[in-house]
Amino acid sequence: MGQIQLRNVRKTFGAAEVIPGLDLDIEDGEFVVFVGPSGCGKSTLLRLIAGLEDVSGGKITIDGKEATKLGPAQRKLAMVFQSYALYPHMTVRRNIGFPLKMAGADKAVIEQKVQEAARVLNLTDYLDRRPGALSGGQRQRVAIGRAIVREPAAFLFDEPLSNLDAALRVNMRLEISELHQKLRTTMIYVTHDQVEAMTMADKIVVLNAGRIEQVGSPIDLYSRPANRFVAGFIGSPR
Ligand code: ADP
Ligand code: MG
């Protein structure tokens, strides 16, 4: 599961219309990247899907169920925050298990899910450490682990690598792609970085001022950009 539909989704903040009305279909298991310049509405769109913001109009459907009126917890989506959102006083084990503990899961179940997530993320040897004793990349993996244990219908990432240095960013990009190969769960990944979009996506959604300029595979966008904006942004001549 992990099919998401947006129909005429609008968002205004006061008098500002940030998203004027947007349609989008995300298929189960797809790796979808939202790309576009700073301020174009990428985070807002992701937060609308996650239920962290209410739509001003239109409808969001997740796995056939109208989600527009559901709160974030009921949508079964996992927003992966940047690694600084970890609890510094808790071990990796407790950080990863925290959402399950909050949901009232019993200890044995939590430990089992934490072990599974740690295995997928190569964190098994680090479970007793605190975030301060980890590298940036390892901390990012802990943040992802905290999402994995909830077994979400989709993972939502908002520029998760923007705080990392260039070498680490390349590494984490590969790790997230690998994670998608392993889990085959829908992922929506927000970035303003064209290279990330082109290398990670099954499907790229190019946004400009709250509107979709084009949706397509990296090769579609590269070889058949819909307009000058897409061509300029993806970096191919037209
Ligand atoms: P991006 O993530 O693409 O950089 P955002 O979605 O953060 O863009 O922002 C899109 C526009 O919406 C910007 O003009 C921003 O100032 C505005 N915006 C975002 N959140 C709020 C808010 N809570 N209140 C008012 N304006 C907002
Ligand atoms: Mg943003």
Scan of segment 39-83 for residues that are of a type in the set (S, T, Y) and within 16 Å of ligand 2 (Cβ to nearest atom), ordered by number: S43, T44
Condition check for T186: of a type in the set (S, T, N, Q), in contact with an Asp or Glu (Cβ under 8 Å, 6 or more places away or on another chain), under 30 Å from V230 (Cβ atoms) and more than 16 Å from ligand 1 (Cβ to nearest atom): yes
Considering residues of segment 30-49 that are part of a strand (DSSP E or B) and within 10 Å of the chain's Cα centre (by Cα) only, the residue nearest to A209 (Cα to Cα): F34
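Each row is one residue, and each column tells you yes or no for (1) within 16 Å of ligand 2 (Cβ to nearest atom); (2) touching a Gly at 6+ places or on another chain (Cβ under 6 Å); (3) among the charged types (D, E, K, R); (4) within 27 Å of T61 (Cβ to Cβ).
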| site | (1), (2), (3), (4) |
| --- | --- |
| V142 | no, no, no, no |
| V149 | no, no, no, yes |
| P160 | yes, no, no, yes |
| D165 | no, no, yes, no |
| E175 | no, no, yes, no |
| R184 | no, yes, yes, yes |
| M200 | no, no, no, yes |
Extreme residue, farthest from the chain's Cα centre (by Cα), among residues of segment 52-69 that are within 13 Å of K11 (Cβ to Cβ), outside any strand (DSSP E or B) and more than 9 Å from ligand 1 (Cβ to nearest atom): S56
Any hit, segment 108-122, residues being under 22 Å from S43 (Cβ atoms), in a helix (DSSP H, G or I) and at pLDDT below 95: no
Segment 189-233 - residue that is surrounded by 20 or more Cβ atoms within 10 Å (Cβ to Cβ) and in a helix (DSSP H, G or I) and, of those, modelled with the lowest pLDDT: F233
Exclusive hit being on the phi < 0 side of the Ramachandran plot, surrounded by 14 or more Cβ atoms within 10 Å (Cβ to Cβ), touching an Asp or Glu at 6+ places or on another chain (Cβ under 8 Å) and hydrophobic (A, V, I, L, M, F, W, C), set F31, F98: F31
A209 over 11 Å from the mean Cα position of the chain (by Cα) and within 16 Å of ligand 1 (Cβ to nearest atom): yes
Which listed residue is in contact with a Leu (Cβ under 7 Å, 6 or more places away or on another chain), buried (at least 22 other Cβ atoms within 10 Å of the Cβ) and among the charged types (D, E, K, R), from R141, R173, R169: R141
Pairs, first in contact (Cβ under 8 Å) with a residue 24 or more places away in the chain and among the small types (G, A, S) in segment 22-47, second more than 16 Å from ligand 2 (Cβ to nearest atom) and in a loop (DSSP other than H, G, I, E, B), C-beta under 6 Å, six or more apart: G29/R184
First in segment 203-223 and under 9 Å from F34 (Cα atoms), second anywhere and of a type in the set (K, R) and surrounded by 22 or more Cβ atoms within 10 Å (Cβ to Cβ), Cβ under 8 Å, 6 or more apart: L207/K42
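The values are calculated or read from the model by the stated rules, or taken from the named source; none is laboratory data. Because the structure is a prediction, the values reported are computed rather than measured. Note that each Cβ is placed from the backbone with ideal geometry, even for glycine, and that neighbours are counted across all protein chains shown.
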